[in-house]
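The values are calculated or read from the model by the stated rules, or taken from the named source; none is laboratory data. The structure presented is a predicted model; accordingly, all values stated were derived computationally and were not measured. As a convention, Cβ positions derive from the backbone with ideal geometry for all residues, glycine included, and neighbour counts pool all protein chains shown. Remember, those area values only see protein heavy atoms, side chains included, never the ligands or the DNA or RNA. Shrake-Rupley method; radii C 1.70, N 1.55, O 1.52, S 1.80 Å.
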Amino acid sequence: MSQSTPSTYIARPRPGETTWLWLIKIVSGPLLVLLLILHLTVNHYLGSTSSGLMTYDDVVKYYQNPIIPAIEILFLITVVTHCLIGLRGIILDLNPSRPVLRLVTWILSLLGVVSVIYGIWLALTIAAIGG
């Protein structure tokens, strides 16, 4: 095949896939790994008791540091975003029709927003208990 002939295997964006979704997924992946390492290190080594397990009172006391709820909320948002965009990509591989893809997008978006709102509420409620 000569170089002037276009390849039949040119990658094209799939219908329903946008550059922004791809970019968010690419950025959230490494951020997720860093936040997971931070979460595991801080929650299970630095912030835990000598037994390695934190009681409810330990968690409430631990959440009094304003950095902890902020890190946990950022971790939550990153996990939910990366997970749901990845799940949408898997569903997109099944080649659904436009209306089905639109419905899936709305359902996953609603699930993500509700999950993040609940998680933020929970983190802030735990932080406020000890205050």
Practice prompt. Hey, could you check the stretch 103-113 for residues that are over 13 Å from the mean Cα position of the chain (by Cα) and without any contact (Cβ under 8 Å) to a residue 40 or more places away in the chain and say which is surrounded by the most Cβ atoms within 10 Å (Cβ to Cβ)?
Written response: VAL104
Worksheet item: Of the residues ILE117, ILE67, which single one is within 26 Å of ALA128 (Cα to Cα), hydrophobic (A, V, I, L, M, F, W, C) and modelled with pLDDT of 95 or more?
Response: ILE117
Worksheet item: So, of the residues in the stretch 74-102 that are open to solvent by less than 30 Å² (accessible area, probe 1.4 Å) and among the β-branched types (Val, Ile, Thr), which turns out to be nearest to ILE37 (Cα to Cα)?
Response: THR78
Worksheet item: Across the stretch 86-105, which residue is modelled with the highest pLDDT among those that are within 18 Å of TRP22 (Cα to Cα) and small (Gly, Ala, Ser)?
Response: GLY86
Item to complete: Scan the stretch 53-87 for residues that are of a type outside the set (A, V, I, L, M, F, W, C), in contact with a Gly (Cβ under 8 Å, 6 or more places away or on another chain) and more than 17 Å from LEU122 (Cβ to Cβ) and jot them down.
Response: THR81, HIS82
